[in-house]
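Colleague: So that we are looking at the same thing, I have put the structure below in structure tokens.
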Amino acid sequence: MTDRNSGLHDGLRFVRLHFILMAALSALLLIPCFSHRYIEAGDLASHTYNAWLAQLMQQGKAPGIYTVWQRTNVLFDLALLYSVKAFGFFIGPKVAVAICVLVFFWGVFSLVAAASERPPWMLTPLLAMLTYGYTFNMGFFNYYLSIGLACFALALFWKAQKWDWLAGGLFLCGAVLAHPIGSLWCAATLVYVLIRRRTPGFWKIAVPAAAIGIFIAVHWYLAHVANVEVDWLDRPFFLFNGMDQLVLYTARSRWIAGACLTIVGTWSAYECLKWRQYLPDWKRLSLFVELYVLSLVITALLPQDILPDPEASWVGLLVSRLTVITAIFGLCVLSSLTPRRLAGAALGVCAIPFFIFLYQDTAAISRLELHAEKLTEKLPFGTLVIPTLVAPNSRIPFIGHVVDRACIGHCFTYSNYELSSRQFRLRARPGSLLATSSARDSEKMEAGDYVVRETDPPLVNIYQCNPDDFTVLCVRPLSVGDTSGPAAEGGGR
């Protein structure tokens, strides 16, 4: 029996009252997951390929491949493994990703509703675009899932009673298993809000000031003292406002992001003119504005990439990932304003070209994968492949992983980054005949800069061989002294 007015009670009551609407909205939301033969989402193809490798390892058919037990960055991979076992490699990934999409969308919806004390129906077009934004298309599904689960946990913790703490704790455990960032964000936000609520009067300003001060110190330490490699994004901090999550494959998506930013900016400015009506709720609204600005500033202070261990892989695209959190806090701010049908309708109009462009861009990658399948089907089973594919003028660079998925049942991707990164449960031993165990070698192979050694097994390179059509692929054998990319034979990439 749940406590009346608890987050859990209110959530269950909301589902009962709006079940049909939620089911219809969920069905519409899942259309992009089933619009192509495969879901074209960056790293997803690599995760699917590694689910196949995990099956081969369990059957004793993947020498040099092993698994380790780890507490995080595993939930999606485990879900995908059991999904492909149950439904196969065609339907299985769609089922796993569809679950992630619903967890993310309804998790963010729940957090925004709990924080603003109203369901954000007017914001569902923007939330749908965020759901299929940068994080989804990069295929960061462990991270994506952790954010959705962390949102459910925060929604329950927001005004928690006893059963809320238990249910929220279960969601938080799931977020820990999925990815560390989601669980850390949840815990940090909860602690921040609790401290702020207990800080009296004017002293509340010291809470965000202290948080920013800590990250300024972190920035200075990483830039001047820490013995680690870091890359910084050279962009004005205001570009990390959350709308960058809508910038995807081509430049035209920038127009969609710009239009959405204009709509929410105009809406917010209009509401600022009516500031007197918000005075009774200023404490709540000021918290969300504070969290949004804080997230914006902290994200700008962090490096884009960091290499804590020279023998491991980069912790990459940190800033680009974290802006989804900034976007979520922005939704909390917008939901606390007076709902405006005109703003909701304008966001709905923006969502139409967003999803049309997404379909068109992923259709091109689907053609690329079809060509990769035709190529790998002709290779002798067990061929070791190094793909060096690049996405022209795209913010989503990981199209080379379509070769990973095309290799299922035919070949092995020797440059497989997951096995050498030491960030996933599946790994390669030194000297493995199926994949390199060196993260640096893997990076060079995929970049086309690796020079083949005498100790390497026979390798072939799959590359783009038509400068007018990036979906056309060719294959060439690699000899000792060749580079992994086609530049060695005069081809362009």
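The values are calculated or read from the model by the stated rules, or taken from the named source; none is laboratory data. Predicted model, so just to flag it, every value in this text is computed and none were measured. FYI the Cβ positions are ideal-geometry reconstructions off the backbone, even for glycines, and counts take in every protein chain you see. What goes into the accessible areas is simple: the full protein's heavy atoms, side chains included, and nothing from ligands, DNA or RNA. Shrake-Rupley method; radii C 1.70, N 1.55, O 1.52, S 1.80 Å.
Colleague: Could you list all residues from the range 26-52 that are among the hydrophobic types (A, V, I, L, M, F, W, C) and part of a loop (DSSP other than H, G, I, E, B)?
Modeller: Applying the first criterion (among the hydrophobic types (A, V, I, L, M, F, W, C)) to the range 26-52 yields 27-31, 33-34, 39, 41, 44-45, 51-52.
30, 39, 41 - these are the residues of the range 26-52 that are among the hydrophobic types (A, V, I, L, M, F, W, C) and part of a loop (DSSP other than H, G, I, E, B).
Colleague: Next up: Could you tell me which residue of the range 213-230 is nearest to the chain's Cα centre (by Cα), considering only residues that are open to solvent by 70 Å² or more (accessible area, probe 1.4 Å) and under 17 Å from residue 305 (Cβ atoms)?
Modeller: Taking the candidates together, the pick is 229.
Colleague: Pairs needed: first member in the range 179-203, free of Cβ contacts under 8 Å to residues at least 12 places away in the same chain; second member anywhere, surrounded by 14 or more Cβ atoms within 10 Å (Cβ to Cβ); C-beta distance under 8 Å; at least 6 residues apart or different chains.
Modeller: 199/207
Colleague: When residues of the range 104-119 are filtered for being under 23 Å from the mean Cα position of the chain (by Cα) and more than 18 Å from residue 189 (Cβ to Cβ), how many remain?
Modeller: 2
Colleague: Is it fair to say residue 129 is of a type outside the set (Ser, Thr, Tyr) and under 15 Å from residue 323 (Cβ atoms)?
Modeller: Values: of a type outside the set (Ser, Thr, Tyr): yes; under 15 Å from residue 323 (Cβ atoms): yes.
Judged against the criteria, residue 129 is a match.
Colleague: A further question follows. For the range 380-391, which positions are open to solvent by less than 30 Å² (accessible area, probe 1.4 Å) and under 29 Å from the mean Cα position of the chain (by Cα)?
Modeller: Correct list: 384, 385, 386, 387, 388, 389, 391.
Colleague: Give the residue that is farthest from residue 25 (Cα to Cα), with candidates limited to residues of the range 345-379 that are of a type in the set (D, E, K, R) and open to solvent by 40 Å² or more (accessible area, probe 1.4 Å).
Modeller: Here the answer is 378.
Colleague: Separate question: Please enumerate the residues belonging to the range 452-464 that are farther than 18 Å from residue 398 by Cα, out of contact with any Phe, Trp or Tyr (no Cβ under 8 Å at 6 or more places or on another chain) and among the hydrophobic types (A, V, I, L, M, F, W, C).
Modeller: Once the filter is applied, which keeps residues that are farther than 18 Å from residue 398 by Cα, out of contact with any Phe, Trp or Tyr (no Cβ under 8 Å at 6 or more places or on another chain) and among the hydrophobic types (A, V, I, L, M, F, W, C), the range 452-464 yields 452, 460.
Colleague: Residue 55 is checked against (1) part of a helix (DSSP H, G or I); (2) exposed (fewer than 15 other Cβ atoms within 10 Å of the Cβ) and fails just one. What number does that condition carry?
Modeller: Failed condition: (2).
Colleague: Identify all residues within the range 290-312 that are at pLDDT below 90 and open to solvent by 20 Å² or more (accessible area, probe 1.4 Å); write none if there are none.
Modeller: Of everything in the range 290-312, those that are at pLDDT below 90 and open to solvent by 20 Å² or more (accessible area, probe 1.4 Å) turn out to be 305, 306, 308, 309, 310, 311.
Colleague: Can you name the condition, by its number, that residue 403 falls short on among (1) more than 17 Å from residue 369 (Cβ to Cβ); (2) crowded, with 17+ Cβ neighbours inside 10 Å; (3) within 21 Å of the chain's Cα centre (by Cα)?
Modeller: It is condition (1) that residue 403 fails.
Colleague: Which residue, of 394, 415, is assigned to a loop (DSSP other than H, G, I, E, B) and open to solvent by 10 Å² or more (accessible area, probe 1.4 Å)?
Modeller: Just one listed residue meets the conditions, 394.
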